[in-house]
Amino acid sequence: MRPPVHRTELEWCRKRNLLERVILTTGVMIFFVTGYFGVGRSTNLPRAHVLTTILDERIPFVADSVWIYLWVFPCALIPLFVVRCTRLFRRTAIAYAVVIAASLICFIIFPVTSTGLRMAQAKLDVSVFSQWAISRLYSIDPPYNLFPCLHLSVAGVAAFSVWKASKPYGSAVFLSVIFVGMSVCTVKQHYLLDVLGGIALAAFANALILRRYTPLDDATLAYSWRGPAAFLIFALVVYAILYVAFLCFQ
């Protein structure tokens, strides 16, 4: 017996939406990785600027804050787990692409270096999990691509997107963004001016793309509690993988 036509069409729409999400997410990730590391590896130190202020010099180095800093990587994917509306998800992908493109242009035109800001790797005790993570971070991430803080602008776009879908979940993500903003300074990866630039860029992308979104009358904006719960499991897995890597490379 053939299934009802409407049920078949619904199943087809779900598969199409899932495929679209995978394509959009993969495309944005490839754009970010190739652009970020391509620009970062090609920047010359003599061209780079320093944006140190008196406040930057007073901010202490806090090794344990690296776990808040690294939160941005699972956080960037949180719309996958919360935003159900396909139209809003498309706008979110566009907003990500806009902040990445704008940041890359700034990195090329106005390179900034954190070479003098970072903690000397020789002073890091790699037998300690947090300091090992910072040492690996310094080794992988080129000491450029600072202004505006792409770390913060990506997290900000994620928060604005989730806020559109669900105010309670969005509030929680915005709270995490505040802590991310502090952590990028306490791990000595960014200057305060980078943070302000990242926040401004996220707000610009929101005003240009996400704020203009108007849901249809029958649109379901957010997934049920299972979506955020799955995200928390995903985030825990990410941190668990980091701990396993730490144990393996000791």
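Some notes on this structure:
- Flag for VAL154 being among the aliphatic types (A, V, I, L, M), crowded, with 19+ Cβ neighbours inside 10 Å and touching a Gly at 6+ places or on another chain (Cβ under 7 Å): no
- Some residue of the range 181-204 being over 30 Å from VAL50 (Cα atoms) and in contact with a helix residue (DSSP H, G or I) (Cβ under 6 Å, 6 or more places away or on another chain): no
- For the range 116-139, filtered to residues that are touching a Leu at 6+ places or on another chain (Cβ under 7 Å) and not β-branched (Val, Ile, Thr), the residue that is surrounded by the fewest Cβ atoms within 10 Å (Cβ to Cβ) is GLN131.
- Filter result (of a type outside the set (A, V, I, L, M) and within 12 Å of ARG84 (Cα to Cα)) within the range 208-224: PRO215, THR220, TYR223, SER224
- Across the range 82-116, the qualifying residues are those that are touching a His at 6+ places or on another chain (Cβ under 8 Å) and among the hydrophobic types (A, V, I, L, M, F, W, C), and the one among them that is nearest to ARG41 (Cα to Cα) is VAL112.
- Test: residue in the range 105-115 that is polar (S, T, N, Q), surrounded by fewer than 20 Cβ atoms within 10 Å (Cβ to Cβ), in contact with a Pro (Cβ under 7 Å, 6 or more places away or on another chain) and modelled with pLDDT under 95: yes
- Of all residues in the range 22-47, those that are over 13 Å from PRO143 (Cβ atoms) have Cβ atoms under 8 Å from Cβ atoms of residues that are surrounded by 13 or more Cβ atoms within 10 Å (Cβ to Cβ) and among the basic types (Lys, Arg), 6 or more apart or on another chain, in LEU24/ARG90.
- Search result, residues across the range 117-142 that are more than 18 Å from the chain's Cα centre (by Cα) and under 21 Å from SER42 (Cβ atoms): LEU117, ARG118, SER139
- Qualifying residues in the range 105-129 (those that are assigned to a loop (DSSP other than H, G, I, E, B) and among the β-branched types (Val, Ile, Thr)) - the one farthest from GLY35 (Cα to Cα): VAL128
- Residue count for the range 25-34 satisfying the condition of being buried (at least 17 other Cβ atoms within 10 Å of the Cβ) and either of a type in the set (S, T, N, Q) or modelled with pLDDT under 95 (or both): 1.
- Exactly one residue out of ASN145, ASN206 is at pLDDT below 95 and under 16 Å from the mean Cα position of the chain (by Cα): that is ASN145.
- Pick from the range 1-24, criterion in a helix (DSSP H, G or I) and of a type in the set (Lys, Arg), ranking: modelled with the highest pLDDT: ARG21
- Pick from the range 39-63, criterion surrounded by 15 or more Cβ atoms within 10 Å (Cβ to Cβ) and assigned to a helix (DSSP H, G or I), ranking: modelled with the lowest pLDDT: GLY40
- Matching entry among TYR144, TYR169, TYR191 (being touching an Asp or Glu at 6+ places or on another chain (Cβ under 8 Å) and buried (at least 19 other Cβ atoms within 10 Å of the Cβ)): TYR191
The values are calculated or read from the model by the stated rules, or taken from the named source; none is laboratory data. Here the structure is a predicted model, which is why all the values come from computation and not from measurement. Positions of Cβ are generated from backbone atoms using ideal geometry, with glycine treated the same way; all protein chains shown enter the neighbour counts.
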